[in-house]
Amino acid sequence: MVLNTAGAVFLEDFGCPKIITAKARGTISGGQLCFLSGAAGVVSSGANSFSFGDIEAVAGASGVNFAGVALSTVTSGLEVAIATEGIFLITSAGTIEASRTVGVNGGDAVIESVVDGRAIGRSLCSAGSEGFVLVQIGRS
């Protein structure tokens, strides 16, 4: 799959960014579609039990395993910012028409065909296969 060599191309957050800080589990490139992971049972009922290191980000989101877009390139063990909403230029896997619901194909690209609640957002323009499509993530 073609990654955008410009990294995460972020165009709008509507003045209210929604970003999760997580620890990278492996190298993550800016613009990659990520999911979140981490050890179970490390957080109790108090906020003092929580650390952002408890949340781990992994590149290669697919299906329902999508949390957001990595905003920068980092190596394993470093903190990475993951945008959970906003408008991004993302690679298309197949033809995508404007205003369609899109999902993740598992290769850092989005597809138009979405099943089982796997939508991550909506296309704001059309794109050909292996092209770039403007996607509003967090909206389906």
Residue within the range 87-97 that is touching a Lys or Arg at 6+ places or on another chain (Cβ under 9 Å) and of a type outside the set (S, T, Y) present: no
Of all residues making up the range 5-26, the number that are exposed (fewer than 12 other Cβ atoms within 10 Å of the Cβ) and more than 23 Å from G131 (Cα to Cα): 3
Selection from the range 108-130 of residues that are under 13 Å from N4 (Cβ atoms) and crowded, with 16+ Cβ neighbours inside 10 Å: D108, A109, V110, A127
Set G103, G94: member being modelled with pLDDT under 95, on the phi < 0 side of the Ramachandran plot, touching a Ser or Thr at 6+ places or on another chain (Cβ under 9 Å) and open to solvent by less than 30 Å² (accessible area, probe 1.4 Å): G103
Residue satisfying condition, being over 15 Å from G138 (Cα atoms) and touching a helix residue (DSSP H, G or I) at 6+ places or on another chain (Cβ under 8 Å), within set A22, A93: A22
Selection within the range 87-138 - under 23 Å from S29 (Cα atoms) and free of Cβ contacts under 8 Å to residues at least 24 places away in the same chain: I111, A119, G121, R122
Hey, S76 touching a strand residue (DSSP E or B) at 6+ places or on another chain (Cβ under 7 Å), over 20 Å from L11 (Cβ atoms) and among the hydroxyl-bearing types (S, T, Y) or not: yes
Search result, residues across the range 27-59 that are closer than 22 Å to R139 by Cβ and either open to solvent by 30 Å² or more (accessible area, probe 1.4 Å) or modelled with pLDDT under 90 (or both): F35, L36
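The values are calculated or read from the model by the stated rules, or taken from the named source; none is laboratory data. Keep in mind the model is a prediction, meaning the values are calculated, not measured. Counting neighbours? That spans all protein chains shown, and the Cβs are built from the backbone with ideal geometry, glycine included. The area values use the complete protein model at the heavy-atom level, side chains included, leaving out ligands, DNA and RNA. Shrake-Rupley method; radii C 1.70, N 1.55, O 1.52, S 1.80 Å.
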